[in-house]
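Before any comments, here is the structure.
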Amino acid sequence: MKVPPQIVRRDARQRATRSSQRGFSLLEILVAFTIAALALGMIYQVMGNDARQTGGLAQRQRALALAQSLLAAYTVAPPQDVHDSGESAGYGWRIDSAPYPTPANSSNPQAPHLHELRAQVSWGNDAARSIELRTLRPERLPPPGSLGNAP
C-alpha cells in the first residue's frame, strides 16, 4: 500500500517538531551549571579583591594625611635634631630630622642651614605597611639680640 505524499510530509513534520521539543539532556544541564558556577566564583573573587584593595587604599590615604600633618607641624626646624614618635588612631608614627649638608653651609657660615625632616607612618601587623615622607626645612633663626649659640 502506497502512503499519500501529504501524510508522509505531515509525519516528517511531527517527528521534527517532537525532536526539537525534547529539551536539554542531563549532560547539557550539568555543563551549563558548571560554567555558571565557575563564572560566579570568578566574579565573587574579583569583587572580594576590589573590597580589600579599597580598604587598603583608605588606610594608605589616612597614613599619608597623618604624615603630611606631622611635617606641617614644623615650618622651621629647631637647631637640635628632632626625634619624636607616638601612636594615633591605630597608626604608629615617627618624625626625625638631621642637618642637610649643602655647599653653601661649608663656604658661608652665615648661610641658612637646612634640616631634612622625615615622617614615617606604619599601620597593621605587617611591618611592610608604612609610608615615609621627607622634606627640607630651614633652621630656626635665633631671636634678635641673642648670640645664636647661647642657651
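The values are calculated or read from the model by the stated rules, or taken from the named source; none is laboratory data. As the structure is a computational prediction, the values presented were derived from the model and not from experiment. Using ideal geometry, Cβ is built from the backbone for each residue, glycine included, and neighbour counts are taken over all protein chains shown.
A compact table of results
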| quantity | calculated |
| --- | --- |
| Qualifying residue in region 46-57 (condition: touching a residue at least 12 places away in the same chain (Cβ under 8 Å) and at negative phi) | no |
| So Ala98, is it within 20 Å of Ser130 (Cβ to Cβ), without any contact (Cβ under 8 Å) to a residue 24 or more places away in the chain and either in a helix (DSSP H, G or I) or more than 29 Å from the chain's Cα centre (by Cα) (or both) | yes |
| Residue check for Thr135: β-branched (Val, Ile, Thr), surrounded by fewer than 17 Cβ atoms within 10 Å (Cβ to Cβ) and at pLDDT 90 or above | yes |
| Scan of region 31-71 for residues that are under 20 Å from Val121 (Cβ atoms) and among the small types (Gly, Ala, Ser), ordered by number | Gly55, Gly56, Ala58, Ala63, Ala65, Ala67, Ser69 |
| Within region 71-119, tally of residues that are surrounded by 14 or more Cβ atoms within 10 Å (Cβ to Cβ), polar (S, T, N, Q) and at pLDDT 85 or above | 1 |
| Qualifying residue in region 79-92 (condition: over 16 Å from the mean Cα position of the chain (by Cα), under 30 Å from Leu141 (Cβ atoms), outside any loop (DSSP other than H, G, I, E, B) and in contact (Cβ under 8 Å) with a residue 60 or more places away in the chain) | no |
| Test for Asn149: is it of a type outside the set (A, V, I, L, M, F, W, C), in contact with a His (Cβ under 7 Å, 6 or more places away or on another chain) and modelled with pLDDT under 90 | no |
